[in-house]
Amino acid sequence: MPTGAGDHEAVLDDLFETLAGLAPEIRASLPGRRVKSDETNPSGETRLEADAYADELIEDALREVDGIGTYASEEQAEPIDIGDGELSVACDPLDGSSNIKPNSPMGTIVAVYEGDLPGDGDSLVPAAFVLFGPILTMSVARDGRLYEANVNDGEIDVIDDDVTLPEEPTVYGMGGRVPDWTEGFAAFIDEVEQEYKLRYGGAMVADVNQVLTYGGIFSYPALQSSPNGKLRLQFEGIPMAYITECAGGVSSDGGQSILEVEATGLHQRVPVHLGNEQLIDRVETHLAGD
Ligand code: FDP
């Protein structure tokens, strides 16, 4: 697991205060962007979709954080230079953005890497997500611990300074169409559906937070049509793996911790399994037979 913030404490404090401050602003931008539109506003500008708008807000705000050298986003093809400093931020500005239409939860994921991108688990410093649920929260994994804070008014109000996965799993949620699952994954689900309750909302941040809250497993597995699954290593896989591991859970790409996966491309995909160790062990056993 990554070891910690080291010399970057002040930069990271500034970064998370900035992210907390942006959260209500991003939320406020959502109602007007519920329906996708390429309409132009009275000034002749095209209204940006929610994820592109959140990306712009975050990029602009991070330019003001001293010590962040690079910004990369799921919304942009390449990393961009935003200042001096050896830290790079990889961001999924609006994870689960297809949930905007049915008004279901979404999130923002931020991963901070030391050095150039793509970075792997060893170069990750902290990671965090904002959850746009009924309550606006931010969960930050730093120095091996996970805390959860209310950020409704843009300030960090810590409500749990040591989030820990319950020992007994309760829920499971997984993406991908059933006919597209591999045999091993389908066999794993045949087993867990006898024991646990299916709850899948379609936004990784919310589905993983549910696992952090109730215990269980979230998977977006390798598919027959897409052997690396759907989720992105830099923006989703590594940060959510670190967050889960800081809460006492385990991550896997099907064979190893996601924090051990070699990063070879900025938009590289990775199969994702996150949750209680006993369930990750079981999914890995089934997948070994694929
Ligand atoms: P979305 O496409 O709505 O942005 O990677 C993004 C993601 O959502 C995850 O948040 C979510 O877990 C997954 O994709 C949902 O995919 P499915 O629609 O295939 O379930």
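May I ask you to say which residue of ILE258, ILE159 is away from the ligand (no atom under 15 Å from the Cβ) and closer than 30 Å to GLU114 by Cα? Answer to the selection: ILE159.
Kindly indicate whether ASN152 is crowded, with 23+ Cβ neighbours inside 10 Å and either within 14 Å of the ligand (Cβ to nearest atom) or assigned by TED's automatic domain parsing to the domain that holds VAL112 (or both). So ASN152 does not fit the description; no. Of the residues making up region 56-86, those that are β-branched (Val, Ile, Thr) and touching a residue at least 24 places away in the same chain (Cβ under 8 Å) number 4.
Here ALA10 fulfils each of the conditions (1) within 22 Å of THR70 (Cβ to Cβ); (2) among the small types (Gly, Ala, Ser); (3) at pLDDT below 90 apart from (3). Of all residues in region 254-281, those that are without any contact (Cβ under 8 Å) to a residue 60 or more places away in the chain and more than 24 Å from ASN209 (Cβ to Cβ) have Cβ atoms under 9 Å from Cβ atoms of residues that are in a helix (DSSP H, G or I) and of a type in the set (A, V, I, L, M, F, W, C), 6 or more apart or on another chain, in GLY255/LEU287. Taking the stated definitions as given, is ALA61 away from the ligand (no atom under 16 Å from the Cβ), over 15 Å from the mean Cα position of the chain (by Cα), farther than 19 Å from GLY202 by Cβ and in a helix (DSSP H, G or I)? Yes. Checking region 86-109 against the condition returns a match, with at least one residue being surrounded by fewer than 14 Cβ atoms within 10 Å (Cβ to Cβ), of a type in the set (Ser, Thr, Tyr) and touching a Gly at 6+ places or on another chain (Cβ under 9 Å). Among the residues of region 172-180, are any more than 27 Å from PRO102 (Cα to Cα) and either outside the structural domain of ARG145 (by TED's automatic domain parsing) or in a helix (DSSP H, G or I) (or both)? Within region 172-180, none of the residues are more than 27 Å from PRO102 (Cα to Cα) and either outside the structural domain of ARG145 (by TED's automatic domain parsing) or in a helix (DSSP H, G or I) (or both).
The values are calculated or read from the model by the stated rules, or taken from the named source; none is laboratory data. Bear in mind the structure is a predicted one, so any value in this text is a computation, not a measurement. For neighbour counting, all protein chains shown are included, and Cβ atoms are generated from backbone atoms with ideal geometry for every residue, glycine included.
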